[in-house]
1. Sequence neighbours fewer than 8 away in the same chain don't count; with that in mind, list the lysines whose C-alpha is under 22 Å from K128.
2. From the phi of every residue in the range 253-261, what ³J(HN,Hα) in whole Hz does the Karplus formula 6.51 cos²θ - 1.76 cosθ + 1.60 yield, where θ is phi - 60° and glycine or proline is x?
3. Rounded, prolate or oblate: pick one for the range 1-99, where a ≥ b ≥ c are the square roots of the eigenvalues of its C-alpha gyration tensor, a/c under 1.5 means rounded, and failing that, prolate if a/b is larger than b/c, else oblate.
4. Relative contact order for the chain: what is it in percent, counting Cα pairs under 8 Å that are at least 6 residues apart?
5. Taking the Cα centre of the chain as origin and charging only Cβ (+1 Lys, Arg; -1 Asp, Glu), how large is the dipole, in debye to the nearest 20?
6. Among [x] 63, 36, 33; [y] 63, 46, 34; [z] 56, 38, 37, find the value of Cα extents along the principal axes in Å that was calculated from the structure presented, and write down its label.
7. Are there any chymotrypsin sites (Phe, Trp or Tyr not before Pro) in the range 95-174 that are in a DSSP loop and have at most 10 other Cβ atoms within 10 Å? List them by number.
8. Treating the beta-carbon of each Lys and Arg as +1 and of each Asp and Glu as -1, no other charges, what is the dipole magnitude of the range 159-298 about its Cα centre, to the nearest 20 debye?
Amino acid sequence: MTILLLGKNGQVGQGLQQTLTPIGSVTALARADFDLERPEMITARLEALRPDFIVNAAAYTQVDLAEANVEAAFAVNHLAVEALANYARDHDALLVHYSTDYVFDGKKQTAYLESDETHPLNVYGQSKRAGEIAVERSGCRYLLFRTSWVVSAEGTNFAKTMLRFAAERSSLRIVADQFGAPTSVELIADVTAQAIAAHRQGKFASGTYHLTSGGRTSWHGLARHVVGKAIELGFQSQVKVEDIVPISTEEYPRPAARPRNSSLNTDTLSSSLGLSMPDWTVHVDRVLDQLKEREWKL
């Protein structure tokens, strides 16, 4: 069985390379090898590679830049995904694709279900939702995972940014009225591998699933947790936990609007795979432990 992994150098792609290898023969490609900004080239590349499974961890993820780069965002997050889905349909391949909490507007008071109506607030969310629709309408076999607030020891993410800021600044002002579940690449990659294996055995149906850690926090809460744990581990920090000041979304304007509530209900995924999602603190702490073990430099 051959697996084509796209986006191998991204956070999720790096984690998937480890968990997918025991399942089959993995061909992992980066943007230079498989440019999703050129959707017209995708079908020919897929015909040459002939994968049994396509795992698409590539995406246009620059949320604020997408507001001014609409065409690029939709090329990668919509048109390229549509081409992948159409190939999967025509060749009975399985498409595994990742989406985002940003397909919702954040106005719901409780965690979002897979069946809830989407209403993205920004171009990034709109392009990701267009990709979801393309997959759903293609008729292919697919596993579509919506996740949120991704953290890992690799790449650039909020947790690592907080470590750097804490070492450089005497205080931090962090948004406290946006809520979600920080989710580690390790969890995403492990669950993906389990889902693929279960799907092959006919025990996990095609469809859209929410894949996040358990619990929820705000960006301010995450920053406090990261800095507190970092101090325990001996990371350099000029900031004390009490120096992290909560602010409102309005006090930190961004080009792209963000949903206030990014909580995703994971009951469908948990029950389908027999899993209990760990609290978000578990894997955030593991990321910080990994960075300390590697003697990561700020």
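Just so you know, all these numbers are worked out from the coordinates, no wet-lab data involved. In this text the structure is predicted, and so the values were computed from the model without any measurement. Cβ: placed from backbone, ideal geometry, glycine included. Neighbour counts: every protein chain shown.
1. Hits, sequence-local ones excluded: K8, K107, K108.
2. Once rounded to whole Hz, the list reads x, 10, x, 9, 5, 10, x, 6, 10.
3. Values: a/c = 2.11, a/b = 1.35, b/c = 1.56.
Judged from the Cα gyration tensor, the range 1-99 comes out oblate (a/c at least 1.5, b/c at or above a/b).
4. It comes to 21 percent, rounded to a whole number.
5. For the chain, the charge dipole is close to 300 debye.
6. [z]
7. none
8. 300
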